[in-house]
Amino acid sequence: MKAFGFAAQSAESQLVPFSFERRELRPEDVSIDIQFCGICHSDIHSARNEWGGTHYPFVPGHEIVGRVSAVGDTVTKYKVGDLVGVGCLVDSCRHCTSCYDGLEQYCENGFTATYNSEDTIGGTAHDFTFGGYANKIIVDERFVLRIPEHLDPAAAAPLLCAGVTTYSPLKHWKVGAGQKVGIIGLGGLGHMGVKFAHAMGAHVVMITTSPAKGHDAKKLGAHDVLISKDADAMAQAASSFDFLLNTIPVGHDTDPYMNLLKRDGTMVIVGAVETLTHTSGVPFIFRRRSMAGSLIGGLPETQEMLDFCGEHNIVCDIETIAMKDVNAAYDRTVAGDVKYRFVIDMATLGDAAAGLGTEHSS
């Protein structure tokens, strides 16, 4: 099936128009006309090969929302016209313990990511998957998610990554009423952590280096703001938090944050951090504190998160852009110049291609 989108042709190139093939519809497949796709910082890292292993041409995008345009003969969950989403996963081994438990993100044989993953299903000339910066995608119905119809579809798109990345640890560690919860860092992930923790009934504290972010944090649902550069404030807050969600995306010293936890408290890392440092075991052993990590969510939990968002009217704070502005949006994301997620309007895809001229083909 012919498809059209934008791709990086090398680590140094900008995203440009690109024609390629999606597989033909199988009995278990859902064909989706993509309406919106969020820009995740992972898209940028991958497009620029900052993590290594990117295969070119490379089509990013794993925060996908659109309408079902066709279904295979055995599909039972969806029909033409349904509002649906596709997140970070489009397949997994389906037979390991994690997959049986609905935790496909921890597939012991390796999940198939929405982009830049080995295409184990085939049906095209491509060896690797292409993501959602495109007009359409075909996905096995098991890896398609239902978007509540009353939510803004553009603002719902980043829920497929930023949303479930923060919802999953809050749910797993049973965050709720009567708990004091700190969200460290106010960005694409952090702002969703604030919204979810607030909706779950916790007392939410935004922990940030920037006093200027305090006002925004309170508008999002934080009850208090703690400035991590204020040594006195950090000392006064020591041993007072039940749970910390750490969204900092760069290397940092964890000791100041670990000292904030009560006995048996946990800090969970969700940022794609290359280096964490802590200089002492004391924050751990004297309060039986824990530090853990969490990766997106499996398909059942992602659907649960979307239903929770539908019930509580939660979406991401976004800036919608035209496809022609995607390269500028990449630079602005790297500079932190977005509140809090860019989302591409795929209705602008054709105009962007006409404006940029030369089209590449696979």
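The values are calculated or read from the model by the stated rules, or taken from the named source; none is laboratory data. None of these values were measured; they are calculated from a predicted model. Ideal geometry is used to build each Cβ from the backbone, glycine not excepted, and the neighbour counts take in all protein chains shown. Remember, those area values only see protein heavy atoms, side chains included, never the ligands or the DNA or RNA. Shrake-Rupley method; radii C 1.70, N 1.55, O 1.52, S 1.80 Å.
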Among the listed residues ALA335, ALA347, which satisfies the condition of being open to solvent by 50 Å² or more (accessible area, probe 1.4 Å), free of Cβ contacts under 8 Å to residues at least 40 places away in the same chain and either farther than 30 Å from HIS172 by Cβ or not aromatic (Phe, Trp, Tyr) (or both)?
ALA335
Test result for THR333, in a helix (DSSP H, G or I) and either touching a strand residue (DSSP E or B) at 6+ places or on another chain (Cβ under 9 Å) or outside the structural domain of HIS172 (by the TED database) (or both)
yes
Answer yes or no as to whether TYR115 is in contact with a His (Cβ under 9 Å, 6 or more places away or on another chain), at pLDDT 95 or above, in a loop (DSSP other than H, G, I, E, B) and hydroxyl-bearing (Ser, Thr, Tyr).
yes
(1) touching a residue at least 60 places away in the same chain (Cβ under 8 Å); (2) open to solvent by 40 Å² or more (accessible area, probe 1.4 Å); (3) not in a loop (DSSP other than H, G, I, E, B) all hold for LEU295 apart from (3)
Please go through the stretch 72-104 and give me each residue that is in a loop (DSSP other than H, G, I, E, B), open to solvent by 30 Å² or more (accessible area, probe 1.4 Å) and either touching a residue at least 60 places away in the same chain (Cβ under 8 Å) or not hydrophobic (A, V, I, L, M, F, W, C) (or both), ordered by number.
ASP73, THR74, THR76, LYS77, LYS79, GLY81, ARG94, HIS95, ASP101, LEU103
Condition met for THR120 (open to solvent by 30 Å² or more (accessible area, probe 1.4 Å) and of a type outside the set (Phe, Trp, Tyr))
yes
So is VAL273 in contact with a strand residue (DSSP E or B) (Cβ under 6 Å, 6 or more places away or on another chain) and either aliphatic (A, V, I, L, M) or part of a strand (DSSP E or B) (or both) or not?
no
For the stretch 219-273 the number of residues that are open to solvent by less than 20 Å² (accessible area, probe 1.4 Å), of a type outside the set (A, V, I, L, M) and under 16 Å from MET291 (Cβ atoms) is 9
